[in-house]
1. Do you know which residues across segment 196-225 are polar (S, T, N, Q) and over 34 Å from the mean Cα position of the chain (by Cα)?
2. So LEU202 ticks every box in (1) at pLDDT below 95; (2) touching a helix residue (DSSP H, G or I) at 6+ places or on another chain (Cβ under 8 Å); (3) not small (Gly, Ala, Ser) but one. Which box is left unticked?
3. What is the number of the single condition among (1) part of a helix (DSSP H, G or I); (2) over 26 Å from THR91 (Cβ atoms) that GLU143 does not meet?
4. If ILE81 meets every condition in (1) surrounded by fewer than 18 Cβ atoms within 10 Å (Cβ to Cβ); (2) closer than 29 Å to LEU150 by Cβ; (3) β-branched (Val, Ile, Thr) apart from one, which number is that one?
5. Given the criterion surrounded by fewer than 16 Cβ atoms within 10 Å (Cβ to Cβ), assigned to a helix (DSSP H, G or I) and polar (S, T, N, Q), identify the matching residue among GLN160, GLN170.
6. Against the condition closer than 28 Å to PHE54 by Cβ and modelled with pLDDT of 95 or more, how does ARG102 come out, does it pass?
7. If you check VAL129 against the conditions, is it in contact (Cβ under 8 Å) with a residue 40 or more places away in the chain, in a loop (DSSP other than H, G, I, E, B) and either surrounded by fewer than 21 Cβ atoms within 10 Å (Cβ to Cβ) or on the phi < 0 side of the Ramachandran plot (or both)?
8. Has segment 85-93 got at least one residue that is within 13 Å of the chain's Cα centre (by Cα), buried (at least 18 other Cβ atoms within 10 Å of the Cβ), farther than 19 Å from ASP55 by Cβ and without any contact (Cβ under 8 Å) to a residue 40 or more places away in the chain?
Amino acid sequence: MKAVRMIVLALAVAVGFSACGGKPKTKVTLEEAKAGRDQELFLEGVTAIHKGSFDQGRILLNTMINTYADSPLTKMAKLTIADSYYLAGGTKNLAQAEVEYRDWVQFFPQDPLADDILMKMAEIHLRQVMAADRDTTHAKLAERQLKEMLRRYPETDRKQDAEALMGGVQEILAMHELKVARFYYPHRESAQAAQMRTEEILNKYPNFSRFDEALFLHARAMADQ
């Protein structure tokens, strides 16, 4: 899971900061080389989250951020807090994770991880996508987020992954429209409604696996008006 890999990265960053400076030769050097409290809080917070103690980890990381705003670890601390909500799962936690990720990208739009974070925001909605005959809110939000990611970072190395996810999401959205059109045409005898639904497919989802069926139903609906 990407969030786990990011937390492992955060742990590596924390260890790296703690190890810098080499072995102290005098008491003064030891004091100067000793890791600051921001590093201690960061490492403790990341470790707590890695062990599943999400609330404790967030408290430690927020303490670090609020007390040491200029710390070079602040950026990773903010990202780790967002990851903690993602890892916790559940509707409320995922919603909060999206808020935290969005704030992070706004603060650090040029960071090398920014495209990954936008991808993660799409994955939040993908985790909540329902079947094609159910509510499509999260599928539409996932599609929107993937489009935004590709628009902002067209050269991203995650492009193929994003396009693959986009194809899956659009398959669900197109199938939803087709099922509604099937319902309206034979059962409600509403050719106009069926035409509108199939027209949505023809205009927006050219790679839909049942595009031919949508085209046929569209033609029948138009002929019956």
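The values are calculated or read from the model by the stated rules, or taken from the named source; none is laboratory data. Here the structure is a predicted model, which means the values were calculated and not measured. Neighbour counts are summed over all protein chains in view; Cβ atoms, including those assigned to glycine, are modelled from backbone coordinates with ideal geometry.
1. Listed by number, the list holds a single entry, GLN225.
2. Status for LEU202: all satisfied but (1).
3. Here GLU143 clears every test but (2).
4. So ILE81 meets the others, but not (1).
5. That would be GLN160, the only listed residue that is surrounded by fewer than 16 Cβ atoms within 10 Å (Cβ to Cβ), assigned to a helix (DSSP H, G or I) and polar (S, T, N, Q).
6. Working: closer than 28 Å to PHE54 by Cβ: yes; modelled with pLDDT of 95 or more: yes.
Answer is yes for this residue.
7. yes
8. Scanning segment 85-93, I find no residue that is within 13 Å of the chain's Cα centre (by Cα), buried (at least 18 other Cβ atoms within 10 Å of the Cβ), farther than 19 Å from ASP55 by Cβ and without any contact (Cβ under 8 Å) to a residue 40 or more places away in the chain, so the answer is no.
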